[in-house]
Structures are given as C-alpha cells and as structure tokens.
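A short write-up of the structure that comes next.
The values are calculated or read from the model by the stated rules, or taken from the named source; none is laboratory data. Every value quoted in this text rests on a predicted model; they were computed, and no experiment measured them. When we count neighbours, we look across all protein chains shown, and the Cβ atoms used for this are built from the backbone with ideal geometry, even at glycine. The accessibility values were calculated without ligands, DNA or RNA, using every heavy atom of the protein model including side chains. Shrake-Rupley method; radii C 1.70, N 1.55, O 1.52, S 1.80 Å.
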Amino acid sequence: RGKDEKYRVRMPKLRMAKEYKDKRKSIDDMERNIFKFKKSSEEKSKKMDKEEKLFRETFMYDKEIRVLATATAERSVPSRRRADLPLTAGEQLDVIDVLQGHAVICRNAQGRYGYVLVEHLNFR
C-alpha cells in the first residue's frame, strides 16, 4: 500500500506537467502563425509593387494610382489580349482610370491591372 500511495501522488503531477506542455505547444504554434502571416503579407506587398511597376511600363501610366470606384464583375470573361484583365463572376475590382469609349482600367484583389469593358461591371 505504501508503494501505491507514492504512485498516486506522482501521477497527477505528471498529468499536470503534460497539460502544461500541451498549452506551451499551442502558444508556440500561435506565435509561429503570427510570424507566417507577417511574412506572407510582406511577400504580397512585394508582388503588388511588381505588378504596379509592370502596369506602369505596359500602359505608360504616369499619373498617381487612385481608386475612383469599386465595381463587381457580373460574369466571367477570359482575357483576349495581354492588356485585358481576366474576370471571374462576383470578383471585386477597383476602378483606377476611365478611358474614352467603353473600357476602364481596373485592379483585382491579386494586384493585377488591365482593361475591362464597362458592360461587364456592376457599379453598386
């Protein structure tokens, strides 16, 4: 019976240590997730800068990039030219510049720029 009491005393201590260890692991995982989020946002901003540079070269756009309006794509449209922006139905777009005719320059959520026909957009 003396040995059984010793084991009974030790077992709760080990369980508490294991629970503490599990909590510690979950805290470390949360910290790692935060760092991964920051890293991905840095990569995303670098990609956005690269897309903006490509846009300025392709379209010879010297003005400041300002969002004039926000629009939603009514239907999916593949791009026919390199300068056209491919659309998916329901996608949110930022209107950057309005051109003469039926086209506007838009930016999608991934940071890509291109021409979009006004008839494919819904301005609500």
Residues of region 64-82 classified as assigned to a loop (DSSP other than H, G, I, E, B) and either open to solvent by less than 80 Å² (accessible area, probe 1.4 Å) or within 14 Å of Val95 (Cα to Cα) (or both), total: 7
Filter result (open to solvent by 50 Å² or more (accessible area, probe 1.4 Å) and out of contact with any helix residue (DSSP H, G or I) (no Cβ under 7 Å at 6 or more places or on another chain)) within region 100-118: Gln100, Gly101, Ala109, Gln110, Tyr115, Leu117, Val118
Scan of region 83-99 for residues that are surrounded by 15 or more Cβ atoms within 10 Å (Cβ to Cβ) and among the β-branched types (Val, Ile, Thr), ordered by number: Val95, Ile96
Residue in region 102-121 that is modelled with pLDDT of 90 or more, assigned to a strand (DSSP E or B) and over 19 Å from Thr58 (Cα atoms) present: yes
